[in-house]
Structures are given as structure tokens and as C-alpha cells.
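What follows is a short report on a single structure.
The values are calculated or read from the model by the stated rules, or taken from the named source; none is laboratory data. Everything quoted here is computed from the prediction, not taken from an experiment. As a convention, Cβ positions derive from the backbone with ideal geometry for all residues, glycine included, and neighbour counts pool all protein chains shown.
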């Protein structure tokens, strides 16, 4: 299929720039993937729209303040000189296996060459807090950085890093670290990072941003079972599709973990014929990838483990685990929209999107959502 077949017209004013005033009050478009019928509801109605016995699976990855500003250290530059206005923007996208090594996107990329050193400090402070060397480069602004060891790397990020809001959410420089974004661009159930050996996400698993502790409790009271997976959102979220056909698309691998408790919950739900509802495309990719990993085993049941997935789900694939999906509205011609189209049918999804545009739904990360069943 052509990537252009997943395009749609979206007025810019429908791109949500702020979360709803109260978490959990977003609108929700419910799409029946069998008939294509849709209905306008609200996210607070989710517990009543799911069935007792459903297994709801969440991605509990935590967003880290992964956007940093650095200056290049050359032969004539002193590390403690005042930080110049022309800073390099660095977005950490994935912690790599090597000690202190991270994949990153750098802007402006042409200025940052392999072998250079970067120093990072708090805004307006000349003293370097982190130091890194550029040890690899990719074609589209990707860089591999090796950071010098510090005692509490994530603690330093919390002090000098900025939340990696998507580029379509616009903030003034003095708003980059607002208390609102620090709270609302994070799910209420995200797992706290305790050491530099753990990994976090470079973007929020945004379908989960709608949940509140109260809604989760109502789901449990309804008889909905809840489990979590962890998939760390990485470079693929930020890179545009550069292929003309879906068959040419290759995703960047992202790290995931399935716990023993979640593996058993999924296996039990499948054995009993209960519906598994994924919250977000990241959860969907994780569950569908893991099902394929263990498909050839003696009983086909999944096991607890960690790994990475580059699974791309587009129209024509079979879904082996997921029977329902909570998801936000996605960018035109994005792999995320292709995944939703694979699950519910391209024509049905685009018809639902056209309705959402007409009804002035709010789109993308801070916007409204869909329940596809």
C-alpha cells in the first residue's frame, strides 16, 4: 500500500496544545470495527463500555526529561566560558548497551561531528554538569553519545533536562518545564526509575495519559483485570516515514519487558477466551510481538522476559492477542495510524477520523481518544 493512502486533512487548530483541565475528561470516539459504526462518548465512560472479565493492558514506561542543551567543546573553547546563545539541542532517545552510551537526535546535526565533545549544564549556568563524546553518526541527525560517569545520571536529567514534548506542541522558552507538563505528560501509573541501569521513554505512551486512579478503581470494580507491560518509546516516534510504500517501512527497535504476572494474566485470558484490550499502540506492538516470539512453542503461551521489537503492524496482518484498543488520534501517514488501520480497517478508521475532525475533537498527544472494539 502507498503511505499516502493514510493521509487526512487536519486543521491546525485541532492539534491540542494543552491537556484537558481535568485529567480523564477527554472525549472518546467509540468505533465498532466489525460494522464501522461510531459513537461520541467520554473517556470517563470507559469502565461501563468494557466488559467484566476483560484484561486491560497498560504500558507503564516513564518519560524522562530527555531534551538537553549542550555546547560543543573545540580546541579554542574553554569549558567554563559563558554558555553561548547558539546551543546544540540533544534529544536522548534510547539508552544503549555500552556503559554511558545513548542514542540521540541532535539539532543542528551538521555542526556536531564524530569525535567532538559536548558539555551540558543548567540553563544560565556555565559550569558543565554532564560531559559526552560523539562516537557515532547517522543520516538523519542521529548521534551516538558516550557520557562520562556520574553518580546519579537520572537525577542530573531531572535537574537540567527538559520534557520531550512533541514538536507540534508549542511552548515558549520559559514554559519548557512547566509544572503542568511535568505532571500531565506522564501517566499516573508510570514506574519510577531508580538507577542508571533502568530505561525510560523519550515520549509518553499517550493513550495512558487519560487514566486517573479513580477510573482505574472503577474498572477493577467493574471486573476488568489490569496488567502492565513496559515498552520504552524511542527514536521511531520522532522519525517521519520516509518510504513511499508500507512494505518499505522499517521501524527502529524499542526495548520491552513482560513480567511473570503479566505473562500469566495474558495466557489465562487467552485460555478462557476473554478479550484483551491494549492501551496504546506501544502496548499493542509489545503484545503482538511477544505472541509471535512464542507462537512456535509447545503450548504457544508467552513467558516473562525482556527483549526488543521492531514489529510493524499494517493492514493485512492478523492480530493474535489484542481484541480491543484504546488509542489517541495519530498523525497523517504515520505508522501509528497504520497500526490502528490494520486493527479496524483503513476505510473505517479514516471515516471515524473525518467525523472527529467535523466534530472538533482534539488531536494527538494531549488530545482526545478512541476506543476500538
*Name the residues in the stretch 290-317 that are closer than 30 Å to residue 357 by Cβ and loosely packed, with under 13 Cβ neighbours inside 10 Å, would you?*
316
*Going by the structure shown, is residue 36 on the phi > 0 side of the Ramachandran plot, modelled with pLDDT of 95 or more, surrounded by 15 or more Cβ atoms within 10 Å (Cβ to Cβ) and part of a loop (DSSP other than H, G, I, E, B)?*
no
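For every residue, the table says whether it meets (1) touching a helix residue (DSSP H, G or I) at 6+ places or on another chain (Cβ under 9 Å); (2) modelled with pLDDT under 95; (3) within 25 Å of residue 55 (Cα to Cα).
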| residue | (1), (2), (3) |
| --- | --- |
| 174 | no, yes, no |
| 182 | no, yes, no |
| 192 | no, yes, yes |
| 195 | yes, yes, no |
| 211 | yes, no, yes |
| 222 | yes, no, yes |
| 225 | yes, no, yes |
*Given the conditions (1) under 16 Å from the mean Cα position of the chain (by Cα); (2) under 23 Å from residue 332 (Cβ atoms); (3) assigned to a loop (DSSP other than H, G, I, E, B), report the number of the one that residue 242 does not fulfil.*
(1)
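For the condition in contact with a helix residue (DSSP H, G or I) (Cβ under 9 Å, 6 or more places away or on another chain) and surrounded by 21 or more Cβ atoms within 10 Å (Cβ to Cβ), what is the one hit in 274, 285, 245? Even if it seems obvious, please write down each step before you answer.
On the way: 274 fails: surrounded by 21 or more Cβ atoms within 10 Å (Cβ to Cβ); 245 fails: surrounded by 21 or more Cβ atoms within 10 Å (Cβ to Cβ).
None of the other options fit; the residue is 285.
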*Out of (1) modelled with pLDDT of 95 or more; (2) touching a helix residue (DSSP H, G or I) at 6+ places or on another chain (Cβ under 6 Å), the odd one out for residue 257 is which?*
(2)
*Working only within the stretch 318-334, note down all residues that are out of contact with any helix residue (DSSP H, G or I) (no Cβ under 7 Å at 6 or more places or on another chain) and either surrounded by 21 or more Cβ atoms within 10 Å (Cβ to Cβ) or closer than 22 Å to residue 44 by Cβ (or both).*
324
*asked:* Anything in the stretch 344-373 that is part of a helix (DSSP H, G or I), touching a strand residue (DSSP E or B) at 6+ places or on another chain (Cβ under 6 Å) and farther than 19 Å from residue 45 by Cβ? List them, or say none.
replied: 344
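Grab the strands (runs of 3 or more DSSP E) fully contained in the stretch 251-328, keeping just those with 2 or more residues being touching a strand residue (DSSP E or B) at 6+ places or on another chain (Cβ under 9 Å) and over 19 Å from residue 206 (Cα atoms).
Details: elements: 254-258, 276-279, 305-309, 324-328.
Qualifying strands (runs of 3 or more DSSP E): 305-309.
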*In the stretch 200-230, how many residues are without any contact (Cβ under 8 Å) to a residue 12 or more places away in the chain and assigned to a strand (DSSP E or B)?*
0
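Looking at the structure I just gave you, is residue 233 touching a helix residue (DSSP H, G or I) at 6+ places or on another chain (Cβ under 8 Å), touching a residue at least 40 places away in the same chain (Cβ under 8 Å) and either crowded, with 19+ Cβ neighbours inside 10 Å or at negative phi (or both)?
On the way: touching a helix residue (DSSP H, G or I) at 6+ places or on another chain (Cβ under 8 Å): yes; touching a residue at least 40 places away in the same chain (Cβ under 8 Å): yes; either crowded, with 19+ Cβ neighbours inside 10 Å or at negative phi (or both): yes.
In short, yes.
Looking only at the stretch 245-270, which residues are within 19 Å of residue 228 (Cα to Cα) and more than 21 Å from the chain's Cα centre (by Cα)? Break it down stepwise before answering.
Going residue by residue through the stretch 245-270, those that are within 19 Å of residue 228 (Cα to Cα) are 254-270.
Matches in the stretch 245-270: 260, 261, 263, 264, 265, 266, 267, 268, 269, 270.
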